[in-house]
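A.B. asks: Mind looking over this structure? Questions follow.
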Amino acid sequence: MRKCLFWIIGFLFAITAFSQNPFVREDNPTFSPPLSPRTVGYRISAILDTESHIISGNEKIYFFNNGKKAIDSIKMHLYLNAFSSNQTPMAGAIRPLRRMLKVPVNRKTIGYCRILKLTVNFASVRHTLEVNNTVAAFELPYPLKPGESALIEIEFETRLPRLVVRSGYAGTFHMIAQWFPKLGVLRPDGSWDCPQYGANGEFFSDFGVYDVTLNVPKGFDVIATGILEQKSTADNRNTFHFYAEDVHDFVAAAWDRFKFRKRKIGNCQLTVAYPPGHEAVSLREMDALEGVYRWYTDHIGNYPYSAYTVIDTPFCALAASGMEYPMISTGFALKLVPKWFRLPEETVVHEFGHSYFQGMLASNEFREAWVDEGINTYMTALIMESLYGKCNFNTLKRFCSDGFDRMLNNNYSALRYQKPDQPADTYTDRNAYTEASYNKVAMLLKTMENLIGKDKIIEIMKDYFNKFQFTHPKGSDFIKIFNNHTDNQYAELMDIVIHRNSVPDAAVLRVTRAPLPAFKGFVPEKTTYMEAPETKKTIRYTVVMGKHALPIPVPYRITFSDGSIQSGELSAGESTKTIIIDKAGSIRLIEARIDPERKILIDMDRSDNRYGNTGTAAQKMGTSALFLTVMELCFYVF
């Protein structure tokens, strides 16, 4: 009888669906009208034990079925189960990182997320729960039809792992990310987008409302998504209450040593939370944050939230650095990072950029990582140049470099078998994922900038953002916007780069030099045999240029010792071109170069772009490449 009563109550609850998300503050909403559909809502109350690193929590989840079919089950993420043993898919991928950080798998370093109690519309469904690594599934007490809502109540326990990737603890520092049972995304056909949590790819969630209370020991500060509504102290513990609308995740950081640098820009409070000793580098981070904030609001669109915080992680917690979340990001800075090495600034610019290209757009970072990572990597380099000039990553004269210079020195062999348009868990390794999702797309967009102009690219990005913010666009939406703005002139190249396993390449294929003898032979129009007198020696140069998977015009330039230059181009439809030039024997060919101004950066193998007799440029490039490699190693090691 009691079970039947719960079923009836739950059914009535569902069919009288809320007119809006019930966790929205009716008396004082942040955004009116809402910025997003708000199909989910979370009210979480949690207690952090900083000794055991266990979070004990209760959550109420509002879920609205905005699909086209009734559903009879729900899938959820239990992300931190990725760190529950040495046998998970994540464990294998991060094993080298564990060895480097000296964080073995044991009872003190593992993490997990467990559901202890589970009800849907007041009916217990804990007995239907099935957990497969980081994905949980459970049955509903009755089908949930389109337009109906459900209230899910969960008691859970999460143990933060020792920090190796993104989430966890290091000393007393706690990065509380991917920490609570979280709904997957319901597709229109009634299936769930809820992949396993692995080393490649990131996250995808619905927009909603978060009302979160976090209790920590006295002396700890908490930085979190949203606005701090209230802070109270009782029983030697601090309680922080945060509220956020129209975001798709909630993260927090708790530590007892934070220092703060603040700056108000319009209605937005910018903050850098940093460890003691980082006073100088935190000022650099704040200047970068103000610069990128102003750039985006001036050129792309409004940042609607009233706060943004960069967490400059302590040295022991660098494994949490370089990550984006709603209204928060983690920086990457060391106390003694020299001013000429702008990695702290670049990290701030990149992660804030994710507030737009993923944060407010909310594309699927797992299924189409390139839509945010590739676009944002390009935007990072563009904005760094705007803020800091050409030598924006390394300002030392000999090693002057920007973000694209580093990409030019990478190994792109993996791209022969991988492409940007594939799910993150299908890449062979982390390098293939990075080169395809980040660098290949960034180099494509830089090529487009060189061809159509920076202003046009910014216009495209602004249009894309303003049309699709808060809507979960797909890669095809961005491509359509791009092609509309460029009259489909580069549609074939976009398709090749994003949807095919190919590495566009332009090359000087062959250069030959042969003496051209004086004429001996029959002259038809004179019906006679002739022999020209031997005078000056003539040399015939034959230069063969070629390109692959580059359906755009590519210029070339051939330079001789007498200062003469022969220029031309391979048309969009040409794959090879042979150029024949006769010169006096005393004149040497100095250089034959395809793409001489280095505009076609999607041609990522530059080793075959030049034929010449001088080695100075190559030696300089080699020296710079060595330096940049060392800097990259420093990034990954620290």
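A.B. asks: Going by amide H atoms built from the backbone, whose H comes under 5 Å of the H on Arg237, apart from near neighbours?
C.D. replies: Answer set, sorted by chain and number: Lys218.
A.B. asks: Given a 1.4 Å probe and heavy atoms of the protein chains only, how would you sort Lys397, Lys108, largest accessible area at the top?
C.D. replies: Numbers: Lys397 185, Lys108 140 Å².
Largest accessible area first, the residues go Lys397, Lys108.
A.B. asks: So what does Val131 come to for accessible area, using a 1.4 Å probe and Å² rounded to 10?
C.D. replies: It works out to around 80 Å².
A.B. asks: Something else now. Please list His472, His127, His354 in order of solvent-accessible area, largest first, computed with a 1.4 Å probe with all protein chains present.
C.D. replies: Working: His472 50, His127 150, His354 5 Å².
Largest accessible area first, the residues go His127, His472, His354.
A.B. asks: Right, something else. When the chain is fully extended, how far beyond the present Cα-Cα distance does Leu129 get from Glu525, taking 0.36 nm per residue of separation? Write out the running numbers ahead of the final one.
C.D. replies: Working: separation 396, 0.36 × 396 = 142.56 nm, distance 9.42 nm.
Difference between extended and current length: 133.1 nm.
A.B. asks: Aspartates and glutamates within cross-link reach of Lys397: Cα-Cα under 15 Å, excluding same-chain residues under 8 positions apart?
C.D. replies: Partners within reach: Asp405.
A.B. asks: What FRET efficiency do you get for Lys339 and Thr428 if R0 is 56 Å and r is their Cβ-Cβ distance, rounded to the nearest 0.05? Present the calculation step by step, with values, prior to reporting the outcome.
C.D. replies: Details: r = 38 Å, r/R0 = 0.69.
Result of the calculation: an efficiency of 0.90.
A.B. asks: Using 1/(1 + (r/R0)^6) with R0 = 45 angstrom and r between the beta carbons of Lys474 and Leu97, what's the FRET efficiency to the nearest 0.05? Before the final figure, lay out the partial values.
C.D. replies: Details: r = 32 Å, r/R0 = 0.70.
For Lys474 and Leu97, the calculated efficiency is 0.90.
A.B. asks: Along the Cα→Cβ direction, 7 angstrom out, place labels at Leu283 and Asp189. What is the inter-label distance in nm?
C.D. replies: Each label point lies 7 Å from its Cα, and together they span 5.8 nm.
A.B. asks: Also: Using only protein heavy atoms and a 1.4 Å probe, report how much of Met100 is accessible, in Å² to the nearest 10.
C.D. replies: Rounded to the nearest 10, the figure is 90 Å².
A.B. asks: So what's the back-of-envelope 222 nm ellipticity for the chain, counting only DSSP H runs of four-plus at -39500 (n - 2.57) apiece and dividing by all residues, rounded to 500? All intermediate terms of the calculation are to be shown ahead of the outcome.
C.D. replies: Numbers: 12 runs with 158 residues, N = 638.
After summing the helix terms and dividing by the residues of the chain, the value is -8000 deg cm²/dmol.
A.B. asks: Please work out the Cα center distance from segment 90-156 to segment 548-596, rounded to the nearest Å.
C.D. replies: Result: 61 Å between the Cα centres.
A.B. asks: For Ala518 and Asn267, FRET efficiency with R0 = 60 Å and r from the beta-carbon atoms, rounded to 0.05?
C.D. replies: On the way: r = 82 Å, r/R0 = 1.37.
My answer for the efficiency is 0.15.
A.B. asks: Report the full-extension gain for the segment Thr542 to Asp256: residue separation times 0.36 nm, less the Cα-Cα distance, to one decimal in nm.
C.D. replies: Numbers: separation 286, 0.36 × 286 = 102.96 nm, distance 7.07 nm.
Net length gain for the segment: 95.9 nm.
A.B. asks: Using a basic spin-label model with each label point 7 Å from the Cα along Cα→Cβ, how many nm lie between Lys456 and Ala137?
C.D. replies: It is 4.8 nm.
A.B. asks: Sticking with this structure for a sec: Using a 1.4 angstrom probe and counting only protein chains, how large is the accessible area of Ile479 in Å², to 10?
C.D. replies: Near enough 20 Å² of accessible area.
A.B. asks: Also, I was wondering about something else. List the residue ranges in the chain for DSSP H helices whose C-alpha atoms run 18 angstrom or more along the long axis and whose Kyte-Doolittle average is -0.5 or above. Display every interim value, and only then the final one.
C.D. replies: On the way: long enough: 2-15 (20 Å, 1.72); 89-101 (19 Å, 0.18); 279-299 (30 Å, -0.65); 370-388 (26 Å, 0.33); 454-468 (21 Å, -0.66); 616-637 (32 Å, 0.98).
TM-like helix candidates: 2-15, 89-101, 370-388, 616-637.
A.B. asks: Of the listed values [x] 31.5, 110; [y] 42.2, 144; [z] 29.3, 117, identify the label whose number matches Rg and Dmax of the Cα atoms in Å calculated from this model.
C.D. replies: Label of the calculated value: [z].
A.B. asks: Here is a further query. Need the full-extension length gain, Tyr417 to Gln489, defined as separation in residues times 0.36 nm minus the C-alpha distance. One decimal, nm. Please report the intermediate quantities before stating the final value.
C.D. replies: On the way: separation 72, 0.36 × 72 = 25.92 nm, distance 2.64 nm.
My answer for the length gained is 23.3 nm.
A.B. asks: Taking 7 Å along the Cα-to-C-beta vector as the label spot, tell me the Ala70-Phe122 distance in nanometres, rounded to one decimal.
C.D. replies: 2.2
A.B. asks: Rolling a 1.4 Å sphere over the protein heavy atoms, what is the accessible area per residue of the chain, to the nearest Å²? Show your work: numbers first, answer last.
C.D. replies: Working: 27510 Å² over 638 residues.
Result: 43 Å² per residue.
A.B. asks: How would you order 197-208, 569-580 from highest to lowest mean count of nearby Cβ atoms within 10 Å? Intermediate values should be presented prior to the final figure.
C.D. replies: Values: 197-208: 21.6, 569-580: 13.7.
The packing order, highest mean first, is 197-208, 569-580.
A.B. asks: Using Cα pairs under 8 angstrom and six or more residues apart, how large is the relative contact order of the chain, in percent?
C.D. replies: Details: 1344 pairs, mean separation 61.7, N = 638.
Contact order relative to length: 10 percent.
The values are calculated or read from the model by the stated rules, or taken from the named source; none is laboratory data. Keep in mind that this is a model prediction, so the values were computed, not measured. In this analysis, Cβ positions are derived from the backbone assuming ideal geometry, glycine residues included, and neighbour counts consider all displayed protein chains. Ligands, DNA and RNA are excluded from the accessible area calculation, which covers all protein heavy atoms including side chains. Shrake-Rupley method; radii C 1.70, N 1.55, O 1.52, S 1.80 Å.
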